[in-house]
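Chemist: What follows is a single structure, and I will ask about it in a moment.
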Amino acid sequence: MTEPDSTLATAAGLLGRFTDQLGTQLGAVRPYGPPPRKPEEEVPTMPRPHAPRTAREPAAPGRAPHARPAPAPGSAPGRPPVLVAVGHGSRDPRARDTLARLLRRVRELRPGLDVRLAHIELNAPLLPDVLAELAAEGREAVLVPLLLAPGHHVTHDLPAALAAVPALRARAAEPLGAHPLLVEALADRLALAGWTAADSASRATGVVLASAGSRDPRSAATLRRIAGLLGERLGGVPVVPAYASAAAPTVPEALRALAARGRHRTAVASCFTAPGLFATRSAAHAPWIAAEPLGDHPALARLVLHRYDRAVTGRPTVPVRELAAI
């Protein structure tokens with residue numbers, strides 16, 4: 001091979017290698033789309049715009065729509081049970097008006113709560129009628145007896161009234177009972193009748209705690225506890241429970257028992273929720289002062305709500321120290 005032929009061959013080889021490399025690079029070029037990314041790189045995403053609220057779309061087959069749980073039968077979502085305050089009933093026209101005023105206080109303390117009055121006998125509306133009305137409305141109810149202690153009305157009449165309306169979801173709360181709020185109301189009624197701090201310090205004073213009475217031994221035990229709490233509230237003054245019917249001692253017998261202990265300046269505390277025959281008879285025996293029935297006292301209104309809350313939740317919604325603040 002001559003020198004020109006050798007030079008030509010060398011140039012041709014260089015050109016071939018250049019062409020091969022160029023082809024390899026061109027083959028790696030992607031004419032469309034973004035360049036390949038490394039495995040550790042993240043692709044930024046744009047936030048999706050919020051779609052405008054429209055009517056609820058039908059759910060896909062086999063999938064439940066997104067909705068709040070259905071309310072339990074007989075109740076409305078977020079609607080508390082109706083508070084049905086159950087009084088005994090009386091032929092005294094003042095009794096119903098007194099309980100109506102008490103329930104106005106309850107509504108003021110708990111705005112928005114449905115509060116209704118019912119009576120076991122003698123006055124309208126009667127308890128069976130109120131329960132039937134609530135069942136027709138599809139409501140739930142809590143019965144709060146405006147009675148001081150367990151007895152026939154609490155243990156028999158209320159359960160029987162509830163059993164007669166099986167369509168109604170309802171339960172009964174405890175009676176008012178031996179509670180500091182009740183004692184506060186009793187002491188305040190005595191003060192309004194004329195009891196003073198000097199009377200609490202006197203060795204000549206005593207109190208008869210008058211109530212309706214019951215043959216149920218639990219009723220007498222409750223009244224004894226109330227009497228003990230009231231005596232402590234009055235600074236150690238002796239307080240004797242007495243009854244207008246069905247139990248002993250009677251009010252006159254309790255007054256004589258206190259007089260035998262040198263307690264001649266004796267007051268009668270009225271452990272009745274409203275005026276009536278028994279409250280009037282008990283007050284008539286007082287040798288000194290007689291307190292008015294508990295009536296619409298603010299502490300009694302708070303106690304009604306306390307019993308309601310315990311029945312609904314198993315605990316009070318307000319601490320007792322706040323319940324007792326009048």
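Chemist: Please work out whether the stretch 205-254 counts as rounded, prolate or oblate from its C-alpha gyration tensor, where a ≥ b ≥ c are the square roots of the eigenvalues and a/c under 1.5 means rounded, while otherwise a/b larger than b/c means prolate and anything else oblate?
Modeler: Cα axes put the stretch 205-254 in the oblate bin.
Chemist: Turning to a different aspect of this structure: Take the Cβ-Cβ distance between A197 and H152 as r, set R0 to 30 Å, and report the resulting FRET efficiency rounded to the nearest 0.05.
Modeler: Efficiency, rounded to the nearest 0.05: 0.15.
Chemist: Cβ under 15 Å from L255's Cβ, L255 left aside: what net charge do those residues give with Lys, Arg +1 and Asp, Glu -1?
Modeler: +4
Chemist: Around G177, which amide H atoms from residues at least 5 apart in sequence, or from another chain, sit under 5 Å from its own amide H, with H modelled in the peptide plane?
Modeler: Excluding prolines and chain starts, which carry no amide H, the hits are A149.
Chemist: Then there's this: Please go through the stretch 82-191 and write out the GluC sites (Glu not before Pro) that DSSP classes as loop and that have at most 12 other C-beta atoms within 10 Å.
Modeler: E121
Chemist: Let me ask something else. Given R₀ = 25 Å, FRET efficiency for A100-E232 by Cβ-Cβ distance, to 0.05?
Modeler: 0.15
Chemist: Per-residue HN-Hα couplings for the stretch 287-304, Karplus 6.51 cos²θ - 1.76 cosθ + 1.60 at θ = phi - 60°, whole Hz, x for Gly and Pro?
Modeler: Once θ is set to phi - 60°, the couplings for the stretch 287-304 become x, 10, 10, 10, 7, 6, x, 4, x, 9, 4, x, 5, 5, 4, 5, 5, 4 Hz.
Chemist: In terms of modelled amide H atoms, which long-range or inter-chain residues lie less than 5 Å from the amide H of T266?
Modeler: It is G206, W288, by chain and number.
Every number in this text was worked out from the coordinates using simple rules, so none of it is lab data. Since this is a predicted model, take the numbers as computed values, not measurements. When we count neighbours, we look across all protein chains shown, and the Cβ atoms used for this are built from the backbone with ideal geometry, even at glycine.
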